[in-house]
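J.: This is the structure I have questions about; it appears just below.
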Amino acid sequence: MSNMIQPGTIHRCTLEGTVPMDYCVYLPKSGLRNSRVFISIHGISRNAEEHINGFATQAEQFGAAIIAPLFSRREFPRYQRLGATVQNGRADLSFDRILQEIPSILGVDPLPLKIFGFSGGGQFAHRYAMFYPKRVASLVLGAPGWYTFPDPDRNYPFGLGCSEDWPRLRFTPRHFLTIPTLVLVGENDDIRDDDLNKMRRIDSVQGLNRIERGEKWVHSMNAMARAFQTPIGFRFELVPNATHAYESYLSHPAFAETVFSFLFGGQK
């Protein structure tokens, strides 16, 4: 099917089924190198095509295809949490359907994944990595509003414990702690805007804004890595002049390059 996708353009695909799933594909005109696939997960604005446009230059430079899932509001209202419950609205399972189709579309296996997620997409991305650590090679999170902390005493999605909606969860910290992860947050992304989750239980544990929450999550993940005697691989960086508008991140010249260089080891 890759012959049907014109390089340098955005191709929209639909997976039919009980729960339809859309996603966008971009093939670089420069050609694929080293079977590179870049996964980009949108925030609640669900701007999958904008994600591809924002990273197209880097896709050409690195020779990487871009896959951008589109989680509809109707089918996946809580895609950030991977689903509403263990049985309903499971965005991770529909995402897996896309992964299963990529080899037939691109002729390459996307696993293990190189994932970027912005805002709500960053929430999805780090929780997916916690659920399926062996499927993820590296991870960049752009300003998630809040996080799942590596705390077994707090119920998912706040921590790793089971709940009525998510019973019988089993996490393997020794695996997800080994995934190199970079958290990027705009230096001006410290406003408690309407989209920020302001639950008291999140404020008290994670902080009052996206900068505080990102720093605390990285600190917590590295502390657990030390406890498990695994290499510390979680980093936090500020993006100069960026607010929470996705466009303000893309307007910073080094942002997209930083994302690709971290995920692909800086090798073009």
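J.: In the range 7-32, which residue that is in contact (Cβ under 8 Å) with a residue 24 or more places away in the chain and among the hydroxyl-bearing types (S, T, Y) is nearest to F55 (Cα to Cα)?
T.: Y26
J.: Also: Scan the range 152-168 residue by residue and report those that are of a type in the set (D, E) and touching a residue at least 40 places away in the same chain (Cβ under 8 Å). First the steps, then the outcome.
T.: First, pick out the residues of the range 152-168 that are of a type in the set (D, E): 153, 164-165.
D165, the sole residue that qualifies.
J.: I'm told M4 meets every condition in (1) of a type outside the set (D, E, K, R); (2) surrounded by fewer than 15 Cβ atoms within 10 Å (Cβ to Cβ); (3) touching a residue at least 12 places away in the same chain (Cβ under 8 Å) except one. Can you identify the failing condition by its number?
T.: Tallying (1) of a type outside the set (D, E, K, R); (2) surrounded by fewer than 15 Cβ atoms within 10 Å (Cβ to Cβ); (3) touching a residue at least 12 places away in the same chain (Cβ under 8 Å), M4 fails exactly one: (3).
J.: Just need a number here: residues in the range 20-55 that are in contact with a strand residue (DSSP E or B) (Cβ under 8 Å, 6 or more places away or on another chain) and either surrounded by 18 or more Cβ atoms within 10 Å (Cβ to Cβ) or at pLDDT below 95 (or both).
T.: Step one: of the range 20-55, the residues in contact with a strand residue (DSSP E or B) (Cβ under 8 Å, 6 or more places away or on another chain) are 20-28, 32, 36-43, 46, 48-49, 51-53, 55.
Cutting the leftovers down to either surrounded by 18 or more Cβ atoms within 10 Å (Cβ to Cβ) or at pLDDT below 95 (or both) gives us 20-28, 32, 36-43, 46, 48, 51-52, 55.
Total meeting the criteria: 23.
J.: If P150 satisfies every condition in (1) more than 22 Å from I44 (Cα to Cα); (2) crowded, with 17+ Cβ neighbours inside 10 Å; (3) under 15 Å from the mean Cα position of the chain (by Cα) but one, which is the exception?
T.: Checking P150 against (1) more than 22 Å from I44 (Cα to Cα); (2) crowded, with 17+ Cβ neighbours inside 10 Å; (3) under 15 Å from the mean Cα position of the chain (by Cα), the one that fails is (3).
J.: Considering only residues that are under 26 Å from S248 (Cβ atoms) and among the polar types (S, T, N, Q), look in the range 168-207 and name the one that is nearest to the chain's Cα centre (by Cα).
T.: Among those that are under 26 Å from S248 (Cβ atoms) and among the polar types (S, T, N, Q), it is T181.
J.: For the subset of the range 87-117 comprising residues that are under 15 Å from the mean Cα position of the chain (by Cα) and charged (D, E, K, R), which member is nearest to L141 (Cα to Cα)?
T.: K114
J.: State yes or no: is R81 basic (K, R) and touching a residue at least 60 places away in the same chain (Cβ under 8 Å)? Write out each step before concluding.
T.: Values: basic (K, R): yes; touching a residue at least 60 places away in the same chain (Cβ under 8 Å): yes.
Yes.
J.: Among the residues of the range 61-80, count how many are within 19 Å of L99 (Cα to Cα) and not small (G, A, S).
T.: 9
J.: Condition (residue is closer than 20 Å to R97 by Cα, without any contact (Cβ under 8 Å) to a residue 40 or more places away in the chain, of a type in the set (A, V, I, L, M) and out of contact with any Ser or Thr (no Cβ under 7 Å at 6 or more places or on another chain)) applied to the range 48-60: is it met by at least one residue?
T.: Yes: the range 48-60 contains one or more residues that are closer than 20 Å to R97 by Cα, without any contact (Cβ under 8 Å) to a residue 40 or more places away in the chain, of a type in the set (A, V, I, L, M) and out of contact with any Ser or Thr (no Cβ under 7 Å at 6 or more places or on another chain).
J.: Please list, ordered by residue number, the helices (runs of 4 or more DSSP H) wholly in the range 198-253 having 2 or more residues that are small (G, A, S) and either touching a residue at least 24 places away in the same chain (Cβ under 8 Å) or closer than 26 Å to F171 by Cβ (or both).
T.: Values: elements: 200-206, 210-227, 246-250.
Counting at least 2 such residues, we get 210-227.
The values are calculated or read from the model by the stated rules, or taken from the named source; none is laboratory data. Given the structure is predicted, the values throughout are model-derived calculations rather than measurements. Note that each Cβ is placed from the backbone with ideal geometry, even for glycine, and that neighbours are counted across all protein chains shown.
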